[in-house]
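Remarks on the structure that follows.
Each reported figure results from applying straightforward, stated rules to the coordinates on display, with no laboratory input. Please read all numbers here as calculations on a predicted model, not as lab measurements. Here Cβ is always computed from backbone atoms with ideal geometry, including for glycine, and neighbour counts include all displayed protein chains.
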Amino acid sequence: MISNESLLSASIATLHKEYPYINQFLEAYPFLSRQPHDQPLARILLELESQDEDLAFDAQSFLNQMREFIVQMQEFLGQNEGNVEVITVLPGRDKHGNPEAYESVELLKGTVTSIVGPTGSGKSRLLADIEWVAQGDTPTGRSILVNNRPPDTDWRFASGRKLVAQLSQNMNFVMDLEVEEFLMLHARSRMVNDAETLVQRIIAKANELAGEKFGPQTPITALSGGQSRALMIADTAILSSSPVVLIDEIENAGIDRRKALELLIREEKIVLMATHDPILALMADQRIVISNGGIAKLIVTTPEEKLMLSELEHYDRKMMAFRNQLRIGGLLHELKES
Amino acid sequence: MNLITISGPPSSGKTSVIIKTAAQLMQKGLKVAAVKFDCLHTDDDIAYERAGIPVKKGLSGALCPDHYFVSNIEAVVDWGLQNQFDVLVSESAGLCNRCSPYIKEIMAVCVIDNLSGINTPKKIGPMLRMADIVVITKGDIVSQAEREVFAARVHAVNPAAMVMHINGLTGQGAFELASLLMTGRREITSLKGSKLRFSMPSALCSYCLGETRIGASYQMGNVKKMNMEEQP
Ligand SMILES: Nc1nc2c(ncn2[C@@H]2O[C@H](COP(=O)(O)OP(=O)(O)OP(=O)(O)O)[C@@H](O)[C@H]2O)c(=O)[nH]1
Ligand SMILES: [Mg+2]
């Protein structure tokens, strides 16, 4: 256990050496970097406290926050991240208070579950239940198990441990950065080893998903809709800390959705997909039907449906080919399947 | 009565979050009221009233709104006690990012939004650093990666806080904030003798008092000069 005393006797140089990630924390205190790096912190803080009003600086709370940061980082780095194998949703009740009529929904690592039901039927609440790791204490009364056990309450409070990552059609990149810079920033905030390799892999994967290619120096805000979606998916698959990924109605344009799902599966995500697109719904292993705020049933995709899927995909490719034909100014006529 | 102080940069989503969270509390049968502290203008009182939340507003005008907050919060608390509210929420917009209206042992929530830029957490000082709960809004319009980077920056500035994501438009996450506020609740009967978590600066110069002329001879009181030799 780290004590405030041990931190006080360390110099800034020692802190950097012992806790390489401390940089992230110290960044918020730029005036500290102008202090001598070889002096004990105690002396520096004493010095700073005499000018604290100008710096809006309180030595005691600085020290407490720094200790807290180090403790959490040590915990975060020490934990095995790929450790959520299965999430179980146990029944509660719908909007009218009727008990939900299913036994349990198991969401396994590397599988896809689609969620269907009218807008406003309770999809967001289901997601929120998972995110909050509900224990009968949300409006639905559902309980969530992580790896077949009720989780320690820590799940709710640790900021580094968000269960659900989300992707939706309304989300856009807003930062003024190039693709590569942006991914490096994300990688550094996740403190992964070998950030460069991961970043290159994300760019390559995103380009496999996107209709049109883009380079590492493209500003993220200049990416097309399809390219943005592709980059978001590749980044979430490879770099996000959350074991669960929710995809909300991703349109067909400019992105290979099958490949996108395959990537998420290969990266062992638990994939949830809100959709009314029959192709996407059938690509899933199972689907949850929601109505009146409750889970009405759980359907395992049948072999017959899987057969229909290839038929639907056939039409889909045909539509796509026609669309391309139109785009390049051609006439529409029967196209041969490649 | 429970007092909750909520602050955050202008337009970060404070009112939206408070209204959605209050709705959850009111569903549990609690009486919720609000007070808005601002500088020159606010329409937040209309938004609260429309949501069925009794409200008081205070405009600080020529004064710093956070100083104004400290001088008035006691009276506002008395108003709340007289009206037997269960929960009183104070909303204030942090303007210069230097002060924070948080009081020791009173729940303090900072609301910031994903659109404000990744350096914002570093810039807003005690208002973020001293909060018990940090609510991040507007996650519905940025990417997952940006949300993660932003949350990591917030965490680096205030590692001890609980960080939550709330959508101010749909209210997703407000139920969770409401339960958190109720878990950490503390009944108060007065603010007399309570202390601020962080001192407010004693900037009192001739310009605070209405001086408009520029020039060294008009500058009196607590005047501070830039060092023009220093690197930026
Ligand atoms: N997309 C999106 N918009 C939001 C969200 N939260 C708030 N807004 C919008 O942001 C704007 C500002 O929200 P307010 O709740 O008024 O912000 P505030 O912090 O109370 O603003 P002031 O009190 O004026 O400082 C409004 O137009 C809201 O509708 C959110 O989570 N997502
Ligand atoms: Mg407001």
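Evaluate the relative contact order of chain A (contact order divided by residue number), counting alpha-carbon pairs under 8 angstrom at least 6 apart; express in whole percent.
Relative contact order here is 19 percent.
For a protection proxy built on the mean count of beta-carbon atoms within 10 angstrom, sort B:134-147, B:187-200 highest first, please.
Ranked from most to least packed, the peptides come out as B:134-147, B:187-200.
When Cβ neighbours within 10 Å are restricted to other protein chains, what is their mean count per residue of peptide A:182-189?
Rounded to a whole number, the mean comes out at 4.
How big is the Rg/Rh ratio for segment A:4-77, C-alpha atoms only, Rh by Kirkwood, two decimals?
Reported Rg/Rh, Kirkwood definition of Rh: 0.94.
Could you run the Debye sum over the Cα atoms of segment B:43-98, one equal point scatterer each and no solvent, and tell me log10 of I(q)/I(0) at q = 0.16, 0.20, 0.28, 0.29 Å⁻¹, two decimals?
-0.55, -0.83, -1.25, -1.28
Cut-off is 10 Å between beta-carbons; in what order do B:Tyr48, A:Tyr102, A:Tyr19, B:Tyr218 appear when sorted fewest neighbours first?
B:Tyr218, A:Tyr102, A:Tyr19, B:Tyr48
Just name one of B:Tyr102, B:Gly8, B:His41: the one whose Cα is farthest towards the positive end of the charge dipole of chain B (beta-carbon charges, Lys/Arg +1, Asp/Glu -1).
Of the candidates, B:Tyr102 comes out farthest on the positive side.
Please list the equivalent ellipsoid semi-axes of segment A:86-301, computed as the square roots of five times the alpha-carbon gyration tensor eigenvalues, in descending order and whole angstrom.
Sorted largest first and rounded, they come to 32, 20, 14 Å.
Using 7 Å Cα-to-Cβ label points, what is the A:Val300/A:Leu55 separation (nm, one decimal)?
For the pair A:Val300/A:Leu55, the computed spacing is 6.3 nm.
Report, in degrees rounded to the nearest 10, the 0 to 90 angle that the Cα long axis of helix A:59-78 makes with the longest principal axis of chain A.
Taking Cα atoms only, the helix is inclined about 40 degrees.
How big is the antiparallel share of DSSP beta bridges in chain A, given as a percent to the nearest 5?
Approximately 55 percent, going by the DSSP bridge assignments.
Relative to the Cα centre, what is the charge dipole magnitude of chain B, using +1 at the beta carbon of each Lys and Arg, -1 at the beta carbon of each Asp and Glu, and rounding to the nearest 20 debye?
Approximately 320 debye in magnitude.
Cα centroid distance between segment A:6-75 and segment A:165-232, in Å?
33 Å
Diagonalise the Cα gyration tensor of segment A:46-143 and give the resulting equivalent ellipsoid semi-axes, square root of 5 times each eigenvalue, largest first, whole Å.
Taking √(5λ) for each eigenvalue gives 44, 19, 12 Å, largest first.
If you place +1 on the Cβ of every Lys and Arg and -1 on the Cβ of every Asp and Glu, how big does the dipole about the Cα centre of the protein assembly as shown come out, in debye to the nearest 20?
About 700 debye.
Pick from A:Ile22, A:Ile288, A:Ile279 the residue whose mean-square fluctuation is largest in a GNM of chain A, springs joining Cα atoms under 10 Å.
Comparing A:Ile22, A:Ile288, A:Ile279 in a Gaussian network model of chain A, the most mobile one is A:Ile22.
Could you give me D for the protein assembly as shown, from Stokes-Einstein at 10 °C and 1.306 mPa s, where the hydrodynamic radius is the Kirkwood radius over C-alpha pairs? Units µm² s⁻¹, please.
61 µm²/s
Take peptide B:134-145, look around each residue's Cβ out to 10 angstrom, count Cβ atoms belonging to other protein chains, and average those counts.
The shielding value for this peptide is 6.
Hey, what D do you get for segment B:138-193 in µm²/s if you plug the Kirkwood alpha-carbon radius into Stokes-Einstein at 25 °C and 0.890 mPa s?
This corresponds to a translational diffusion coefficient of 181 µm²/s.
Sticking with the crude label model, points 7 Å out along Cα→Cβ, report the distance from A:Asp137 to B:Val70 in nm, one decimal please.
3.5 nm
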